[in-house]
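What follows is a short report on a single structure.
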Amino acid sequence: MDPLLSLVAGSVAFVGTHFALSHPLRAPLVGTIGENGFRGLYSLVALATFVWAVLAFRAVGPGGVPLWNGMGDGIWIAATAIMLFASVLFAGSFARNPALPDPKAATNAALPVHGVFHITRHPMMWSFALWAAMHILTSATPRQIVLAGALGFLALVGAHLQDRKKEALMGEAWADWESRTRFWPRLSGFAKAGPTAWIGGIVIWLAATYGHIHANGIPAGIWRWVG
């Protein structure tokens, strides 16, 4: 199979199986193989389809003419700043997050809005979506558009579907949380994200962009001008 077609197929499989297993197939599978069995199956399918997509991405190679020049200083500075915001969202998303699988989810949903949840109730999903968007912005090649586009689509559509699932599972607890938070990010909320999210986000931002050099041979973030 052509590597790009394989990448498309792997990306569709990764996204499609996530949606299918998270929503229509979850209840019947849990009823058949139990919660632990379902988690094992979910993890196995996710890993297998993600490896397929990554291997196909590498097989396509870095060739291909980008749709635009994403290497200019203006785009690079914007992408670097947005990736810092994405890192803050990710770092803060683990603190008492009602969306995570946690026995205390309903208790967390009843708490006052805190940290990065002043920005959005789906900080982890938005961090992934911003990561995907910035990769396309700076490298709009066919393989990047397919893989990063699939991951961004999964993050945002998955967040929307998660709202519907949590409404069914948690009832009033989630409905109350939804009424006090936003799906779409509020930029002013970063002022209330808290020191832990900002410190953690900066550490993740610096480490991830620095590691990008060694993982891909391509500088990212501020390391384009430093080092």
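Okay, here's what the table says:
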item	result
Residues that are within 22 Å of Phe90 (Cα to Cα) and of a type in the set (A, V, I, L, M, F, W, C), drawn from segment 128-142	Phe128, Ala129, Leu130, Trp131, Ala132, Ala133, Met134, Ile136, Leu137
Any chance Gly74 is out of contact with any Pro (no Cβ under 6 Å at 6 or more places or on another chain), among the small types (Gly, Ala, Ser) and either surrounded by fewer than 16 Cβ atoms within 10 Å (Cβ to Cβ) or part of a loop (DSSP other than H, G, I, E, B) (or both)	yes
From Ser87, Ser43, residue being part of a helix (DSSP H, G or I) and at pLDDT 95 or above	Ser87
Residue pairs meeting the criteria (Cβ under 8 Å; at least 6 apart or on separate chains; first without any contact (Cβ under 8 Å) to a residue 12 or more places away in the chain and within 20 Å of Ala56 (Cβ to Cβ), in segment 128-145; second buried (at least 22 other Cβ atoms within 10 Å of the Cβ) and of a type in the set (Ser, Thr, Tyr))	none
Filtered residues of segment 101-127 (kept if part of a loop (DSSP other than H, G, I, E, B) and among the small types (Gly, Ala, Ser))	Ala110
Qualifying residues in segment 152-187 (those that are modelled with pLDDT of 95 or more and in a loop (DSSP other than H, G, I, E, B)) - the one surrounded by the fewest Cβ atoms within 10 Å (Cβ to Cβ)	Trp184
Condition met for Pro103 (at pLDDT below 95, out of contact with any Gly (no Cβ under 9 Å at 6 or more places or on another chain) and surrounded by fewer than 15 Cβ atoms within 10 Å (Cβ to Cβ))	yes
Some residue of segment 108-124 being in contact with a Gly (Cβ under 7 Å, 6 or more places away or on another chain), over 17 Å from Ala159 (Cβ atoms) and buried (at least 20 other Cβ atoms within 10 Å of the Cβ)	yes
Selection within segment 1-59 - surrounded by 12 or more Cβ atoms within 10 Å (Cβ to Cβ) and of a type in the set (S, T, N, Q)	Ser6, Ser11, Thr17, Ser22, Thr49
Residues of segment 207-219 that turn out to be within 18 Å of the chain's Cα centre (by Cα) and either open to solvent by 60 Å² or more (accessible area, probe 1.4 Å) or in contact (Cβ under 8 Å) with a residue 40 or more places away in the chain (or both), as a count	3
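Yes/no per residue for (1) more than 20 Å from Ala46 (Cβ to Cβ); (2) touching a Ser or Thr at 6+ places or on another chain (Cβ under 9 Å); (3) at pLDDT below 95:
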{"site": "Ala133", "(1), (2), (3)": "yes, no, no"}
{"site": "Arg143", "(1), (2), (3)": "yes, no, yes"}
{"site": "Gly149", "(1), (2), (3)": "no, yes, no"}
{"site": "Gly189", "(1), (2), (3)": "yes, yes, no"}
{"site": "Ala197", "(1), (2), (3)": "yes, yes, no"}
{"site": "Gly200", "(1), (2), (3)": "yes, yes, no"}
{"site": "Ala208", "(1), (2), (3)": "yes, yes, yes"}
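The values are calculated or read from the model by the stated rules, or taken from the named source; none is laboratory data. The model shown is predicted, which means the values in this text are computed figures rather than measured ones. Because the Cβ atoms are built from the backbone with ideal geometry, glycine has one as well, and the counts that use them run over all protein chains shown. These accessible areas exclude ligands, DNA and RNA; they are computed on the full protein's heavy atoms, side chains included. Shrake-Rupley method; radii C 1.70, N 1.55, O 1.52, S 1.80 Å.
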